[in-house]
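Engineer: Mind looking over this structure? Questions follow.
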Amino acid sequence: DQQVKQNSPSLSVQEGRISILNCDYTNSMFDYFLWYKKYPAEGPTFLISISSIKDKNEDGRFTVFLNKSAKHLSLHIVPSQPGDSAVYFCAASDLSVSGGYQKVTFGTGTKLQVIP
Amino acid sequence: DAGITQSPRHKVTETGTPVTLRCHQTENHRYMYWYRQDPGHGLRLIHYSYGVKDTDKGEVSDGYSVSRSKTEDFLLTLESATSSQTSVYFCAISDPGQGTGNTIYFGEGSWLTVV
């Protein structure tokens, strides 16, 4: 039962254009969402997060949008750079449960390739 | 980079043998985690610890045990390894009390192959 779904296993984008990575979730109790980035042979690194009380959070070239009614979030990267080529994991947690910040559920990942 | 060291980084073992993966941190973070990464499943939490001798199960804890006798060390043990436990294992840490919010920092991974 995949509670966090990333339906696109891969995405290719031209350098300078916008990359949009999508994520859907099924657990309506999720109220905190994160994106992680992972290069080959390295551990994932935190990118950006958003609380369910917001619908947008921006950090430099990265913006996360949350649509609670659709149970959907997306990560926008503008402009995309070759160094952004990596696997991106969407993640979510339910902060109302004990250990909510610790019990993070990850999606299956989307491999982004930014073409120079 | 977060001060997380995983050992061994690569291991091949036979079915039925015990295996222990070690995670060592130098950040004095309260929380420590073990995740596994598999194709089609993303990252899944095996166990986590919220203090010395305090641990809790994650979503895929069957077949795994953990121990944390010191703040800096978190051990993951496969009592009797099976082929289904072939995976990449990531240790991670976090500590909201140290001003890093709830960000989880990951180690570089341990590749385990059970033959």
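The values are calculated or read from the model by the stated rules, or taken from the named source; none is laboratory data. What you are looking at is a predicted structure, and each value in this text was computed from that prediction instead of being measured. Ideal geometry is used to build each Cβ from the backbone, glycine not excepted, and the neighbour counts take in all protein chains shown. Just the protein is used for accessible areas: all its heavy atoms, side chains included, with ligands, DNA and RNA removed. Shrake-Rupley method; radii C 1.70, N 1.55, O 1.52, S 1.80 Å.
Engineer: Of the residues A:LEU34, A:LEU73, which single one is in a strand (DSSP E or B), at pLDDT 95 or above and either under 12 Å from the mean Cα position of the chain (by Cα) or acidic (Asp, Glu) (or both)?
Structural biologist: On the way: A:LEU34 fails: at pLDDT 95 or above.
Answer to the check: A:LEU73.
Engineer: Another one. Which residue is nearest to A:ILE115 (Cα to Cα), if the candidates are limited to the range A:10-19 and must be open to solvent by 70 Å² or more (accessible area, probe 1.4 Å) and of a type outside the set (Asp, Glu)?
Structural biologist: Applying the first criterion (open to solvent by 70 Å² or more (accessible area, probe 1.4 Å)) to the range A:10-19 yields A:10, A:12, A:14-15, A:17-18.
Of the ones still in play, those that are also of a type outside the set (Asp, Glu) are A:10, A:12, A:14, A:17-18.
Working: A:SER10: 13, A:SER12: 7, A:GLN14: 5, A:ARG17: 10, A:ILE18: 12 Å.
By that ranking, first place goes to A:GLN14.
Engineer: With respect to B:TYR64, is the statement that it is open to solvent by 10 Å² or more (accessible area, probe 1.4 Å), at pLDDT below 95 and not polar (S, T, N, Q) true?
Structural biologist: Working: open to solvent by 10 Å² or more (accessible area, probe 1.4 Å): yes; at pLDDT below 95: no; not polar (S, T, N, Q): yes.
So B:TYR64 does not fit the description; no.
Engineer: So which residues in the range B:101-115 are touching a residue at least 24 places away in the same chain (Cβ under 8 Å), farther than 13 Å from B:ILE4 by Cβ and either assigned to a helix (DSSP H, G or I) or not aliphatic (A, V, I, L, M) (or both)? It would help to see each step written out before you state the result.
Structural biologist: Taking the range B:101-115 as the starting set, the residues that turn out to be touching a residue at least 24 places away in the same chain (Cβ under 8 Å) are B:104-115.
Subsequent filtering for residues that are farther than 13 Å from B:ILE4 by Cβ retains B:111-115.
Result: B:TRP111, B:THR113.
Engineer: Just for the range B:35-60: of the residues that are touching a Phe, Trp or Tyr at 6+ places or on another chain (Cβ under 8 Å) and either more than 12 Å from every other protein chain (Cβ to nearest Cβ) or of a type in the set (S, T, N, Q) (or both), which one is surrounded by the most Cβ atoms within 10 Å (Cβ to Cβ)?
Structural biologist: Step one: list which residues in the range B:35-60 are touching a Phe, Trp or Tyr at 6+ places or on another chain (Cβ under 8 Å), which gives B:35-37, B:42-50, B:55-56, B:58.
Then drop every residue that is not either more than 12 Å from every other protein chain (Cβ to nearest Cβ) or of a type in the set (S, T, N, Q) (or both), which leaves B:37, B:49, B:55.
Details: B:GLN37: 22, B:SER49: 24, B:THR55: 19.
Ranking the qualifying residues of the range B:35-60, first place goes to B:SER49.
Engineer: Which residues, counting only those in the range A:69-116, are under 16 Å from A:ASP59 (Cβ atoms) and β-branched (Val, Ile, Thr)?
Structural biologist: Scanning the range A:69-116 gives A:ILE77, A:VAL78.
Engineer: Return the residues of the range A:41-88 that are open to solvent by 70 Å² or more (accessible area, probe 1.4 Å), touching a residue at least 40 places away in the same chain (Cβ under 8 Å) and within 14 Å of another protein chain (Cβ to nearest Cβ); say none if nothing qualifies.
Structural biologist: Those that are open to solvent by 70 Å² or more (accessible area, probe 1.4 Å), touching a residue at least 40 places away in the same chain (Cβ under 8 Å) and within 14 Å of another protein chain (Cβ to nearest Cβ): none in the range A:41-88.
Engineer: Looking only at the range A:27-40, which residues are polar (S, T, N, Q) and surrounded by 12 or more Cβ atoms within 10 Å (Cβ to Cβ)?
Structural biologist: Step one: filter the range A:27-40 for residues polar (S, T, N, Q), giving A:27-28.
Of everything in the range A:27-40, just one residue is polar (S, T, N, Q) and surrounded by 12 or more Cβ atoms within 10 Å (Cβ to Cβ), namely A:ASN27.
Engineer: Exactly one condition in (1) in a loop (DSSP other than H, G, I, E, B); (2) of a type in the set (Ser, Thr, Tyr); (3) farther than 14 Å from B:GLY42 by Cβ is false for A:THR108; which is it?
Structural biologist: Of everything listed in (1) in a loop (DSSP other than H, G, I, E, B); (2) of a type in the set (Ser, Thr, Tyr); (3) farther than 14 Å from B:GLY42 by Cβ, A:THR108 misses just condition (3).
Engineer: What is the one condition in (1) surrounded by 15 or more Cβ atoms within 10 Å (Cβ to Cβ); (2) away from chain A (no Cβ under 14 Å) that B:ASN28 does not satisfy?
Structural biologist: Going through the list (1) surrounded by 15 or more Cβ atoms within 10 Å (Cβ to Cβ); (2) away from chain A (no Cβ under 14 Å), B:ASN28 breaks only (1).
Engineer: Run A:LEU11 past the list (1) assigned to a loop (DSSP other than H, G, I, E, B); (2) in contact with a strand residue (DSSP E or B) (Cβ under 6 Å, 6 or more places away or on another chain); (3) in contact (Cβ under 8 Å) with a residue 60 or more places away in the chain; (4) not polar (S, T, N, Q) and report the number of the one that doesn't hold.
Structural biologist: The failed condition is (1).
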